[in-house]
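Okay, so here's the structure we're looking at.
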Amino acid sequence: MTGLSLIGTIHFHPVRRSTIKGVRIFAILGLLFSPVFGSVTAQARLADPHQILYEYEGRPLAVGKFSIVSAFQQRLFQAAAQCRKKTPASYGTPDGAIGANTVQAIKDYIACRPDLTTGAGGEPPESDGVITIGLWRSLMPDIMPYPDAIERANQLTFALEGTDYDRVQFNFCQSRNPSTGKRYIEGDPYCYSNDKASYLTWGPRGATAGHGAEIQQIIVLAEKAHPGLLQTVFGPEADTMRRLVLGDEASVETILCAAWANPARREDLRARFARYGALHEVQEAYRMVYEAANADGGKVQRFFRIYKALKPVIQRDPTEIDVAFFIDRATHGGAPPGNLAPLIEKMNYFVTRTKKLPSPGEMRKQLAAWLPSAHKYNDRLARDAIFLIDDPDVNLSDAHRRIWQKRSGLRASSFGLSDKRYVPAYPVMPVTGYEAITKFPTVRPAEKRACPAVALRPRNP
């Protein structure tokens, strides 16, 4: 059986469209005819052109070089350069990072577009270099609408994670020996790892080839939608990737360990993953895996179920900042458990214990307290503060503020998210079905010999 036919034997349900783009189109068509989506699109059409989408406040908003923001920057830099008789390169590279260069380009551009800054009530935000709906629409075609609240909420988490689709990292012996300060590949005789079950980490959501097997799922979805893509990009390593997809846990670990142990193969695979991750088709598969009901999409949906249960009391849907908080919690840790009843009961008591309903930020703060993250406690506190700092009813300690400022200093409002606008539903993709496939040993004897035994038994740093 050839490697290609190995992939061909995998059957997934319910992903049955001929392309991933087709899946998304069918999903969108379904939403178009739903009352929820209709109301959202109507709101989008009636949106205030001066409504803020992104606001740089001293910390760059790095939302990814493959994001739609990069396309916006490219058009903005060209238009600003034409206005000021400069070169687009004078504003830097369109890299998806909204910073001082983007602010300057906006100010240069609107100097030639006074129509964008006419409005009642003082100076519009565009004058300060803020990206608004009106500014976006003036530069982008209709087929590239401004990112909605859910997309910008995802971009906020992307900015915090700090890894793009073309970034991959092997996780064998990656930690340093506390005594020598060296890693195994730097000559230390011992192997230390703070992430023993990941093996390989890739992209903005930290997809792994370990216990989560997200990398394998992404590869399969992309290959089923675009047959031959894996062979084109990975060439002589394509069979390695196929065996990775179908391999049991021990095979996956040893296959990747053998590749990591060989410096030439290690760098070659990193380069190939960079090319693979840069492809739109692969990014679409990546997002579908994480939007699935059995992945982050399902975790976000659990938050929505909590708020649906509380809606008769709080009389609202989750706010835009609520949704950003949900997404970041699903990604980084601290999502609700499968059994929501006890948490709903506690939250119901919290919101009804006084006559005054808690503010959205106060509700998020209480949820965070009841959903502690098992790892990186201070990092989680710092990230939670991003979704609390805009609410004047939330009191953050000086220590909490210092942790937030050191970690990011970002605000949800920097991404145009508000507690005054609501999100009635969250789109969740079907499960990939990958977990139902029987895995089997696919590792080769040469790979077993190539993998250092010490790498399979790492120490805690």
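See the values below:
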read-out	value
Rounded to 10°, Cα long-axis angle of helix 35-45 versus longest principal axis of the chain	60 degrees
Relative contact order (%) - the range 293-413, alpha-carbon pairs under 8 angstrom, separation at least six	24 percent
Per-residue [θ]222 nm for the chain (sum of -39500 (n - 2.57) over DSSP H runs n ≥ 4, rounded to 500)	-15000 deg cm²/dmol
Percent RCO, i.e. relative contact order, over the chain, from Cα pairs under 8 Å lying at least 6 residues apart	20 percent
Within the range 217-238, backbone nitrogen closer than 19 Å to the virtual label 7 Å beyond the Cα of Ala264 toward Cβ	234-238
Residues of the chain: accessible area per residue with a 1.4 Å probe, Å²	47 Å²
Cα-based helix-to-principal-axis angle, 320-332 vs the chain, degrees rounded to 10	10 degrees
FRET efficiency, Asp48 to Asn378 (Cβ-Cβ, R0 25 Å, nearest 0.05)	0.10
Stretchable slack from Glu151 to Lys355, in nm (0.36 nm times residue separation minus alpha-carbon distance)	69.9 nm
Under 5 Å, built H, 5+ apart or other chain: amide partners of Val63	Ala97, Ile98
Charge sum, other residues only, whose C-beta stays under 11 Å from Gly206's C-beta, Lys/Arg counted +1 and Asp/Glu -1	-2
Sequence-distant residues sharing a close amide H with Ile131 (under 5 Å, placed H)	Leu53, Tyr54, Tyr56
Rounded if a/c under 1.5, otherwise prolate or oblate - the range 121-266, Cα gyration tensor axes	oblate
Förster radius 45 Å - calculated FRET efficiency between Lys346 and Arg444 (Cβ-Cβ, nearest 0.05)	0.30
Label-to-label distance, nm, for residues given as Ala100 and Arg137 (7 Å Cα→Cβ offset)	3.3 nm
Computed lengthening from Lys308 to Thr87, 0.36 nm per intervening residue step minus Cα-Cα distance	74.4 nm
Degrees between helix 149-161 axis and first principal axis of the chain (Cα, 0 to 90, nearest 10)	50 degrees
Longest DSSP-loop-exposure-free segment, trypsin sites (Lys or Arg not before Pro), the chain, at most 13 other Cβ within 10 Å	86-352
Proximal lysines to Lys299, defined as alpha-carbon separation beneath 17 angstrom and excluding residues fewer than eight positions away on the same chain	Lys308
Pairwise centroid distance, computed over Cα atoms, of the range 319-348 with the range 77-146, Å	36 Å
Percent accessible area from carbon and sulfur atoms, the chain, protein chains only, probe 1.4 Å	55 percent
DSSP-defined antiparallel bridges as percent of all bridges, the chain, nearest 5	80 percent
Under 5 Å, built H, 5+ apart or other chain: amide partners of Thr442	Asp248, Ser251
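The values are calculated or read from the model by the stated rules, or taken from the named source; none is laboratory data. Everything numeric here is computed off the predicted structure, so don't read it as measured data. Quick reminder, even Gly has a Cβ in these numbers, built from the backbone with ideal geometry, and neighbours come from all protein chains shown. In case anyone asks, the SASA skips ligands and DNA or RNA and just uses the protein heavy atoms, side chains included. Shrake-Rupley method; radii C 1.70, N 1.55, O 1.52, S 1.80 Å.
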